Amino acid sequence: MDEKLQHAYDEVLRRNPGESEFHQAVLEVLDTLGPVVAKHPEYADAAIIERICEPERQIIFRVPWVDDQGQTRINRGFRVEFNSALGPYKGGLRFHPSVYLGIVKFLGFEQIFKNALTGLPIGGGKGGSDFDPKGRSDAEIMRFCQSFMTELYRHIGEYTDVPAGDIGVGGREIGYLFGQYKRITNRYESGVLTGKGLGWGGSRVRTEATGYGTVFFVDEILRSRGDDLEGKKVAVSGSGNVAIYAIEKLQQLGAVVVACSDSGGYVVDEAGIDLALLKDVKEARRQRISHYADERSGATFVDDGSVWSVPCEIALPCATQNELDDTDAGALIRNGVQVVAEGANMPCTPEAVRAFADAGVAFAPGKAANAGGVATSALEMQQNASRDSWGFEHTEQRLAEIMRNIHRSCLTAADEYGQPGNYVAGANIVGFTQVADAMLALGVI
Ligand code: NDP
């Protein structure tokens, strides 16, 4: 690594001990920026790298709430407002027991570059809590969300910081959070949260956007190689928001999705996933994926091993960070995978990414491939600001166009910096230079 980049990375390690996911996300970006700092010494002169790695603000707070048995529970809440050079902080909230500052910082750091890639005026941030929503009643979820927002509200706003959903935070949670914000502030400020319901300020296609956008990106990769999705065999991990709508768009474009998963195991369904049943099990009934196999003849449930052992031509990791390692990558490569696109954030380990590159597999990093979610959140903000509501088709076209632009700009930058076809380098370079140029213009702040 370039000496100045290495120095910045050493500082990140020193200042953020024990935050391995954050270290990993920073290293992945800095590793690709050598040619950029060589061409643009002004970035290093203004300490842009060091500044971009240090969040502008980090908020940690207590979230007390009372469960259905009357017992008082305490969780920890986070909001990391990482970079606002391009616009208000924007990024989701994650409710999962694994959440700690290192996870929130890795996600916030990724979000800076992803948001820049969309070409829309949004900065990067992320938040969440170590609260585990699994098995909790609606009333418990509501009380938790209300307590969480009772602290968070003072830090957010349509021109300041605009949270959305992520793992464990969907339409139900955004509803309770928005309700509490409205109650505390006495303001119907639609632009303060995205992912809202369609009846109260939400955007069409926001629910589908991350999954659809990932598939649009895969479609672009295939088209650039004279191929398409028709008849392609696909394995998807996860069965949450991103996975379900990736599966929906894959099927619309003629692909056959043969596997998906949750944290309890995976299902194989060679006839193609029955999407209506999957939505019923996961969205309506909030059950485990094993119930899908119980109710679908020909499908099998596997509770040990990896979904990546299922032979496929396209793999879409859509669950969580570091879920696909070098062993999984080896299995996928042996089985002839052609394209891997990250619907989730950083689901592939660095070793897996290297294995795909060595084997000539097209690899799309999350900050490019899953940017459709936040892009559509920015479209939701546009609709809120103009008190407008766009139709499904129009919004989906905007999303497809944004994904096409991201694909094109990644390839162009990769070419320009001598790494043709390298989406990882392309995405990092485009995202970084946009934020760095804005930071230069805004002075030392
Ligand atoms: P959901 O909570 O809707 O779904 C998450 C899915 O991943 C579930 O099937 C869940 O299984 C599985 N999962 C979560 N944690 C683990 C784990 N530790 N091991 C195995 N499986 C796990 O979240 P989303 O679909 O919204 O998010 C999925 C990924 O996509 C995340 O990385 C998120 O950051 C990223 N993303 C999401 C965006 C969005 O708009 N929602 C935008 C951009 C990126 P189980 O239910 O068993 O826990």
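What follows is calculated from the coordinates using simple rules that are stated; it is not laboratory data. Quantities reported herein were computed from a predicted structural model and do not represent experimental measurements. Cβ sites come from the backbone with ideal geometry, for glycine too, and all protein chains shown count toward neighbours.
So, how do all the Cα-to-Cα distances of the range 234-274 break down into 10 Å bins, in percent, from 0 on up?
Percent of pairs per bin, in order: 33, 59, 7.
By the scheme Lys and Arg +1, Asp and Glu -1, what is the net charge of all other residues having a beta-carbon under 15 Å from that of Arg143?
-2
Looking at the range 7-133, what % of its DSSP beta bridges pair antiparallel, to the nearest 5?
That works out to approximately 75 percent antiparallel.
Per the Cauchy relation, a quarter of the hull surface: what is the mean projected area of the convex hull of the alpha carbons in the range 346-398, in nm²?
Quarter of the Cα hull surface area: 4.8 nm².
Could you bin all the Cα-Cα distances of the range 256-337 into 5 Å bins starting at 0 and give me the percent of pairs in each, rounded to whole numbers?
Going from the shortest bin to the longest, the percentages are 3, 15, 26, 26, 18, 9, 3, 0.
Report the antiparallel proportion of the DSSP beta bridges in the range 63-125 as a percent, rounded to a multiple of 5.
Bridges in the range 63-125 are about 75 percent antiparallel.
Can you give the Rg to Rh ratio for the range 51-93, taking only C-alpha atoms and Rh from Kirkwood?
My calculation of the ratio gives 1.20.
Of all DSSP beta bridges in the chain, what percent run antiparallel (nearest 5)?
Around 55 percent antiparallel, to the nearest 5.
Return Tyr266, Tyr9, Tyr188, Tyr43 ranked ascending by Cβ neighbour count within 10 Å, so the fewest neighbours appear first.
In order of increasing Cβ crowding within 10 Å: Tyr188, Tyr9, Tyr43, Tyr266.
Which aspartates and glutamates have a Cα less than 20 Å from the Cα of Lys4, not counting those fewer than 8 places away in the same chain?
Glu28, Asp31, Glu42, Asp45, Glu50, Glu54, Asp437
Under a point spin-label approximation (7 Å from Cα along Cα-to-Cβ), what is the Leu277-Glu11 distance to one decimal in nm?
5.6 nm
Relative to 2.2 N^0.38 Å, what does the C-alpha radius of gyration of the range 273-401 come to as a ratio? Two decimals please.
1.28
Please check: in the Gaussian network model of the chain (C-alpha springs, under 10 Å), which one of Gly431, Gly127, Gly170 has the largest mean-square fluctuation.
Gly170
Could you tell me what % of all Cα pairs in the range 347-441 have separations over 15 Å?
68 percent
Quick check on the range 193-311: take the gyration tensor over C-alpha atoms, sort the square-rooted eigenvalues as a ≥ b ≥ c, and tell me if it's rounded (a/c under 1.5), prolate or oblate.
oblate
Just to compare against my own numbers: the Cα pair-distance distribution for the chain, 20 Å bins, whole % per bin, please.
P(r) for the chain, in whole percents per bin: 27, 60, 13, 0.
Counting only Cα, what are the radius of gyration and maximum Cα-Cα distance Dmax of the range 316-359, in Å?
Rg and Dmax of the range 316-359, Cα atoms, are 9.3, 24 Å.
Between the range 309-353 and the range 159-218, what's the alpha-carbon centroid distance in Å?
29 Å
Running Debye on the range 29-105 with equal point scatterers at the Cα sites and no solvent, what base-10 log of I(q)/I(0) appears at q = 0.14, 0.15 Å⁻¹?
At q = 0.14, 0.15 Å⁻¹ the computed log10 ratios are -0.65, -0.71.
Would you mind listing how long the range 189-256 runs along its three principal axes, going by Cα atoms, in whole Å with the largest first?
46, 24, 16
Report the extension gain between Thr72 and Val444 in nm, rounded to one decimal, defined as 0.36 nm multiplied by the number of residues separating them, less their alpha carbon distance.
Taking 0.36 nm per residue and subtracting the Cα distance, the gain is 129.4 nm.
Identify which of Cys53, Cys318, Cys410 has the largest mean-square fluctuation in a Gaussian network model of the chain, with springs joining Cα atoms closer than 10 Å.
Of Cys53, Cys318, Cys410, the most mobile in the Gaussian network model is Cys53.
Distance from a point 7 Å along Cα→Cβ of Gln58 to each backbone N in the range 14-30: keep the residues under 18 Å and list them by number.
Inside the label zone: 14-28.
Take the alpha carbon atoms of the range 71-164, find their radius of gyration, then divide it by 2.2 N^0.38 Å using N residues; give the quotient.
1.12
Say the cut-off is 22 Å between C-alpha atoms; which of Lys105/Lys182; Lys90/Lys182; Lys279/Lys367; Lys114/Lys282; Lys39/Lys105; Lys249/Lys279 go over it?
Lys105/Lys182; Lys279/Lys367; Lys114/Lys282; Lys39/Lys105
Could you calculate, for the range 379-423, the ratio of the Cα radius of gyration to the Kirkwood radius, expressed as Rg to Rh?
Taking Rh as the inverse mean 1/r over Cα pairs, Rg/Rh reads 1.23.
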